[in-house]
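Please treat every number below as a calculation from the coordinates, not as lab data. From a predicted model like this one, the values you see are computed outputs, not experimental measurements. Methodologically, a virtual Cβ is constructed for each residue, glycine included, from the backbone with ideal geometry; neighbour enumeration extends over all protein chains shown.
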Amino acid sequence: MSKVFFITGTDTGVGKTYATLALASLLKKRGLSVGVFKPVQSGVGDAEFLKKRLGLTDTLREINPYFAREPLSPHLALARAGQKADSLKIISALRVLESRYDYVLVEGAGGLLVPVAPNYFMSDLARDLNAEVVVVARLGLGTINHTLLTVREAKRQGLSVAGVVFSDSSGKKGISESSNPKILRRLLDVPVLGIVPFLKKTDEKSVVRACQKGLKVHALLKKDFFKTGKLLSLDKKHVWHPFTQMKDWVNDVPGVPVVIDRAQGSYLIDTDGRRYIDGVSSLWVTVHGHNRPEITEAVSRQAATLDHSTMLGLANAPAVRLSEKLVEIAPRGLSKVFYSDNGSTSVEIAVKMSYQYWQNTGKTKKTAVCHLAHSYHGDTLGSVSIGGIDLFHKVYRNLIFKAVRVDFPDCYRAPEGKKYPDFAFEAVDRFEQFLKKNHDHVASLVVEPLVQGAAGMIMWPPGILKRFEELCRKHDVFLIADEVATGFGRTGTMFACNEEDVHPDFMCVAKGLTGGALPLAATLTTGRVYDGFLHPYRDMKTFFHGHTYTGNPIACAAAIANLEIFKKDQTLLKLRPKIRYLAERLSEFVEIPHVGDIRQHGFMAGIELVRNKDTKEAFTPEERVGARVCERARSYGVILRPLGDVIVLMPPLSISKKELSDLLFAAERAIRDVVSLEAQRCSSC
Ligand SMILES: *Cc1c(COP(=O)(O)O)cnc(C)c1O
């Protein structure tokens, strides 16, 4: 892969093409091979000029895939010529050149905020091409403002600026021409590469001779060619990854590890510029796509206003505003918001509050916390105490508090002689019997409403959640809805509780709260619970709990922007046809060998792979079938993360139908590849 620079200007006509020619000539002088790329061109023939001057043998089409004759903004010129630039086509055209050269200089058109297509700017293209930016500026009056604006905007958009080049396209020798570069050298925090003088002759030799003294390219050379390799070796030296067998990781057992460098919309992009559809929303957090401008702008605005201030005895504006917005969309009755920073703590807070409520109000025997079988509420010890997944939780059994495990079935593997969904209702009936006898000792029941995610996407039959609510109401036991995974549209409604019109006493939210931008969590509860803590201070009935970064303003600002997009984009409405499409396509997966079960609720889906479809016999963990499918999916451009042998599909809600189709295609291919290998192995053994 070559190093790619995106040559942009502070304005049109500042001498980008001459600067490109000069940089290319100087790099070539150092023995490097250099290609140029002019993805969209309107009006003058810069591409032909560069091709000729640099003696390039690529075809003109390869150097310039989009051309329109009229000298207008590219998207308009193309539209008038009946064309529309396609960024994926541009990216693959660049790949061809990259395979031929050490360096490719991509010449943009105009400046960074020139549209390539409606809603797609030169800056987006620079990012998608994985390029570093070189800014070409005029020498004369006005250049300070334009140059600083361009560099700032590039940085604001997460682009890396390799340097600024001045281009003397007029040959004028005024006082501003001689003073501006010096002033900017002081004001800029990026390298100034130098000045391209007024070029009288444009053959390569003359250009080198004219530029050699005043223009230095070493800032472009110093760049790290081995970014991926270097990062990975450092990673292996120092980083301990969550839920990861590090012995496999350091030995590269699961294929080549990937270093993610950037993201856009439904895509993650690695340090080598490879693009992957984010099939699990970066562990279930991304809602409206990565790097949504509204969210990143809210974050940078807030970071420049108030980064953090404690909530212990102080308020801050974003936390206040967000609380109002959360209460507005939450199930009725939830009117108080307690912030924390991850899902586990949001559940622990609910558990502690529900427990302390009974202590505060004199019912001191109500201490037991109930949870369901297969439950997952996080990894801190409090959440582990109410966890029902042995693989994660068993080893800590001597460290945790005692909780009551309510038996609750797996929707795929029915108990002997039972039918779905009867056995689920029977389990609730048994819980009812338990409550009848023991409610005096029970503080709360915590559930993951409708979908038990981490257990492998266990789906509840309709009506179960409502039954749990009724039982809790009747026996004065708090219902804690852990909506960390299901919240913010995942199930197709804003919250899973909405589907059965359930009004829990506590609702825990985290994952999708900031749209995937920053860690933030909230525990919502009722006025009744809140009032249970209102006592004279000396009674010591305060809720003595709080994390240092509770209610962080930047994270809250991200969450506000995230919630606003739901309205603006009509996210939930637009999700419906995509949920149907996902269901349609998944129903075709039953044909695939070893696909035992397909489970979907809204935009949460799991495909369970088994050795034997008739007996539902599982593969052994050592076979790593789920993990191997996900590794395989990477070669088809998709990132997935399994739960055992359940392949999880949880794309961003904003994914387009085309991207969803690509995701399903890759998942199907990956499953077929791995199970056909499995079939070969079985027939030989
Ligand atoms: C992920 C998850 C948690 C834990 O959240 P963290 O932010 O990882 O601590 C809790 N409950 C459910 C249902 C989850 O899916």
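A few remarks follow.
- Euclidean distance of C-alpha centroids, segment 432-488 and segment 383-400, integer Å: 19 Å
- The Cβ shell under 15 Å around Met507 holds other residues with a net charge of -4, Lys and Arg each +1, Asp and Glu each -1.
- Low-density loop cleavage sites - trypsin sites (Lys or Arg not before Pro) in segment 302-409, where at most 13 other Cβ are within 10 Å (DSSP): Arg332, Lys365, Arg397, Lys402
- Mean shadow area of segment 81-193 over all directions, Cα convex hull, nm²: 8.6 nm²
- Helical contribution to [θ] at 222 nm, DSSP H n ≥ 4, -39,500 (n - 2.57), averaged over the chain, rounded to 500: -12000 deg cm²/dmol
- Our note on the geometry: Cα centres of segment 532-600 and segment 3-29, 46 Å apart.
- Rg over Rh for segment 346-473 works out to 0.96, using Cα positions for both radii and the Kirkwood form for Rh.
- Global form of segment 1-160, assessed from the alpha-carbon gyration tensor, a/c cut-off 1.5: rounded
- Convex hull volume of the C-alpha atoms in segment 1-57, normalised per residue: 99 Å³.
- Cα centre as origin, Lys/Arg/Asp/Glu Cβ charges: the chain dipole, Debye: 2480 debye
- Values of log10 I(q)/I(0) for segment 483-594 across q = 0.16, 0.17, 0.19, 0.23 Å⁻¹ run -0.92, -0.99, -1.11, -1.29, by the Debye formula with one identical scatterer at each alpha carbon and no solvent.
- Working from the Cα coordinates of the chain, the gyration tensor eigenvalues give, after taking √(5λ), semi-axes of 55, 30, 21 Å in decreasing order.
- Most to least packed among 437-444, 511-518 [average Cβ atoms within 10 Å]: 511-518, 437-444
- Those chymotrypsin sites (Phe, Trp or Tyr not before Pro) in segment 229-275 that DSSP places in a loop and that have at most 14 other beta carbons within 10 Å: Trp240, Phe243
- Cα gyration tensor shape for segment 263-323, rounded if a/c is under 1.5, else prolate or oblate: prolate
- Distance from segment 51-127 to segment 501-521 (C-alpha centre basis), Å: 43 Å
- In order along segment 134-140, the Karplus-derived 3J(HN,Hα) couplings, from 6.51 cos²θ - 1.76 cosθ + 1.60 at θ = phi - 60°, round to 10, 9, 9, 10, 6, 8, x Hz, and Gly and Pro are given as x.
- Using the Karplus relation 6.51 cos²θ - 1.76 cosθ + 1.60 with θ = phi - 60°, the per-residue 3J(HN,Hα) values for segment 177-183 come to 4, 8, 8, 4, x, 5, 4 Hz, with x marking Gly and Pro.
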